[in-house]
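Below: one structure, written as C-alpha cells.
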Amino acid sequence: MNKAAVISPDMKWWQKTIAYEIYVKSFKDSDGNGTGDLNGITSELDHLKELGVGAVWLTPCYVSPQADNGYDIADYYNIDPAYGTMEDMERLIAEAKKRDIRIVMDLVFNHTSNENEWFKESRQSRDGEKSDWYIWADPKEDGSAPTNWRSIFGGSAWEYDETRGQYYLHTFLPEQPDLNWANPEVRKALQDVAKFWADKGVGGFRMDAITYIKKPETFEDGKPDAGDGMVGIHSMTANTSGILDYLHEFKSAVQEGTDIFTVGEANGVSASDLGQWVGKDGVFDMVFEFGLTGIDLPDETNWCETREWTLFDFKSFFDDSLAAADAAEGWFPVFLENHDQPRSVDHFMPGEGDRIARAKALAALLLTMRGTPFIMQGEELGYVNVNWPSIDDYEDISTKNHYEFAIGEGYSEEEAMEGVHRFSRDSSRTPMQWSASENAGFTTGTPWLPVYPDYSVFNRDLELDDPDSVLSFYRELADLRNKHTELIDGKYQVMIPENEDIYAYSRDNGSKKAVILINFTDKDVSYDPGLIKDAECILSTVSDEAAGVLHPYGAAIYEMNSH
C-alpha cells in the first residue's frame, strides 16, 4: 500500500478509513467445529489490511443461545464459547491495533435474550428489582395480546409469560424481549456495557435496531396492513418522540472524551431527519439508513411484492442523504450490503451480464462515494445471492418467517421462493471462500451453513493471483484512495443527473477533482467527453475504455485539476 497523501487535519480517523463487516460465524473457523471464531479473524487480519481496512465491525460474539445468530444476547460481558474466550478477543484487539485496525462491537440494546439474567429476574414478579426492565402489559379482556402489532419477523409482537401472568413485547423474535429504556437503571446498565468494551480498547460501536428503543406512552391497536389483521410494529414504535433524549444521554456518558465512533442502525430515519441524528447536534457520528437497500421493497413484511426503480431513484438517495449529512456537519456511511441484506450484484445490477464487471462497477461506487465505505465480507470477492431450491435449505429464521407469511397470504410456493431468493439474509451469511480446497478453506469440519458452490472460482487465494479479479480491483481502489485524497475528503456533486444509464459524479477537494462514471446497463453507453476534458484516467474496469463511451457495467475514474 502507498503512503497516504495529506488529508484535511479536521477529519477524524474513522472518516478517512475503510470499514469492513465480519459475520463472525462465517468468516474463518480456527478449530474445525464448523463455526467461525475470533482466532480465525485474527489469522486473516492481513487480508483486511491489504484492503485498506481500518475498522472491523464484528457481529455479536457475546454469550447467546443463538435464536437469532447472536442478536439475542444472554451476557454482554463474556464471549460465547463457540467463538472463543475473552483472551482471544483481547488478542484480536491487540493484533488488529498493530495493523492500525480498530475493532468495532455490535451493541444490541433494544432487546436481550430471554435467557439473559435480567429477563429471568424480571419475569419472576411484578414488584421485583428488575420487574420493569422490560415491556410488560396485561392481556385484553378476552385474554388476547395487548395490541395487534406484528413483529418484524412475523406473528404477534407480544408473548404471554405464564410465570408473571402478563405479555412482554418483542420487536423481533419471542426469544428477544424488548428492554424498557424508560427506566433509567436500564439505560445506566447499558452505558456500563459500552464503557466496559471501550475500556477493552475497541474503536467504536454499531448500535443495532436503535430506532425501536423508545416505546409509545400507551399501547393501542393499529390499522391492519395485511390479511392477518395485524399491523407492523415498525409503524407503531419506530422513532417515537423522546428517543433522541435517551441517545444524547448515552453519547454524553459513553463517547465524550474518546475517539471512538458510533454508527446507528436507523431504520425509518429519512434524509430530512439526519440533522437530528448525526453531526454537531446529533446523537451518532453516522447512521445506516435504508432508503437505498429498500429501493425495491415497498413493505419489508412482504418479500413477494416489489416495485420497479430507476437509476434516478438510486442517485436521489445519495444526493439527498449526502446533502443532509453535510448540512448537519455530519458524516455518511456508504454501504450496499450487510448481514441483513441480499448481495448487491443481484440487488442493484440484476441480470445475466458479466458478474465480475457488475461487482467491479459497484466497488467503484462504494469506494469513491463521499463517506466511510463499509464492505460486507465476501463483497470484495464478488459474491451473489444463494439460490437454494427449498425453504428447508435455509437457516435464517427471518427467511423462514417471511416464507410462511407469504404462504399464509395466498402466494404460491414459487412466488414465496422467489421472494426468498431475492431477499434472504442467508445470502450474505454463507461462509467466506478462502481457497478452492474443501469447504473453501473456511473449516476442516462441517460448516454451519453450506459453502456456496462457486468457491472453486470465486475465492480469496485465486482472486489474489488474478489481476483482473474483483478482489484485485478492490485493492486497487483502496490504493487509489490513498494516492488521490479527493476520494476521501472531496465534496460530492452529481453530474448528468437526468441520465438513466450512467451514474456520474465528482469529488472535489479544491486542489484535485475526480470524476467517476459508472454504467448501470448491459450495453455500451455514450456520454459527452467534455465531462472529462483535460482529465487523466486513473482507473478503469476495462483496458480499452475510450473517452465518451462506457462498456457494459463499465466504470472509470478520471482526475483533473480543480477549478
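Got at least one residue in the stretch 153-160 being out of contact with any helix residue (DSSP H, G or I) (no Cβ under 8 Å at 6 or more places or on another chain), of a type in the set (D, E) and not in a strand (DSSP E or B)? Full working, then the answer.
Here is the first cut: in the stretch 153-160, the residues out of contact with any helix residue (DSSP H, G or I) (no Cβ under 8 Å at 6 or more places or on another chain) are 156, 158-160.
Going one step further and asking which of them are of a type in the set (D, E), we end up with 159.
With the extra rule that they be not in a strand (DSSP E or B), the set shrinks to none.
No - not one qualifying residue is present in the stretch 153-160.
Here the condition is being surrounded by fewer than 23 Cβ atoms within 10 Å (Cβ to Cβ) and among the charged types (D, E, K, R); of D68, D37, D29, D80, it holds for D68 alone.
Is it the case that some residue within the stretch 85-98 is in contact (Cβ under 8 Å) with a residue 40 or more places away in the chain and on the phi > 0 side of the Ramachandran plot? No: zero hits.
The single residue among A189, A194, A157 that is within 30 Å of D46 (Cα to Cα), touching a residue at least 60 places away in the same chain (Cβ under 8 Å) and of a type in the set (G, A, S) turns out to be A194.
Conditions tested, residue by residue: (1) assigned to a loop (DSSP other than H, G, I, E, B); (2) crowded, with 19+ Cβ neighbours inside 10 Å; (3) touching a helix residue (DSSP H, G or I) at 6+ places or on another chain (Cβ under 9 Å).
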| residue | (1), (2), (3) |
| --- | --- |
| F374 | no, yes, yes |
| E404 | no, no, yes |
| Y411 | yes, yes, yes |
| S427 | no, yes, yes |
| L462 | no, no, yes |
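For G548, the criteria (1) surrounded by 16 or more Cβ atoms within 10 Å (Cβ to Cβ); (2) of a type in the set (G, A, S); (3) in contact with an Asp or Glu (Cβ under 9 Å, 6 or more places away or on another chain) hold in every case but one, which is (1).
Only one residue in F219, F196 is at pLDDT 95 or above, in contact with a helix residue (DSSP H, G or I) (Cβ under 9 Å, 6 or more places away or on another chain) and not aliphatic (A, V, I, L, M), so which one is that? It would help to see each step written out before you state the result.
On the way: F196 fails: in contact with a helix residue (DSSP H, G or I) (Cβ under 9 Å, 6 or more places away or on another chain).
From the options F219, F196, the qualifying one is F219.
Among the residues making up the stretch 354-391, those that are touching a residue at least 40 places away in the same chain (Cβ under 8 Å), over 28 Å from E559 (Cα atoms) and of a type outside the set (A, V, I, L, M, F, W, C) are Q377, G378, Y383, N385.
Residue by residue, here is whether (1) touching a Ser or Thr at 6+ places or on another chain (Cβ under 7 Å); (2) assigned to a loop (DSSP other than H, G, I, E, B); (3) more than 19 Å from F458 (Cα to Cα) holds:
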position	(1), (2), (3)
L292	no, yes, yes
D313	no, no, yes
S316	no, no, yes
D319	no, no, yes
A325	no, no, yes
L336	yes, yes, yes
D346	no, no, no
E352	no, yes, no
K360	yes, no, no
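Here the condition is being part of a loop (DSSP other than H, G, I, E, B), of a type outside the set (K, R) and over 25 Å from Q176 (Cα atoms); of L51, L92, it holds for L51 alone. When T262 is tested against (1) within 30 Å of I502 (Cβ to Cβ); (2) within 18 Å of the chain's Cα centre (by Cα); (3) not in a helix (DSSP H, G or I), just one condition goes unmet, and that condition is (1).
Of the residues that make up the stretch 5-28, is at least one on the phi > 0 side of the Ramachandran plot, within 21 Å of the chain's Cα centre (by Cα) and in contact (Cβ under 8 Å) with a residue 24 or more places away in the chain? No, the stretch 5-28 contains no residue that is on the phi > 0 side of the Ramachandran plot, within 21 Å of the chain's Cα centre (by Cα) and in contact (Cβ under 8 Å) with a residue 24 or more places away in the chain.
Counted as qualifying within the stretch 173-259 are the helices (runs of 4 or more DSSP H) with 1 or more residues that are surrounded by fewer than 18 Cβ atoms within 10 Å (Cβ to Cβ) and either among the aliphatic types (A, V, I, L, M) or in contact with a Ser or Thr (Cβ under 6 Å, 6 or more places away or on another chain) (or both), namely 184-199, 243-254.
The values are calculated or read from the model by the stated rules, or taken from the named source; none is laboratory data. Predicted model only: the values in this text are computed from it and were never measured. Neighbour counts run over all protein chains shown; Cβ positions are idealised from the backbone, glycine included.
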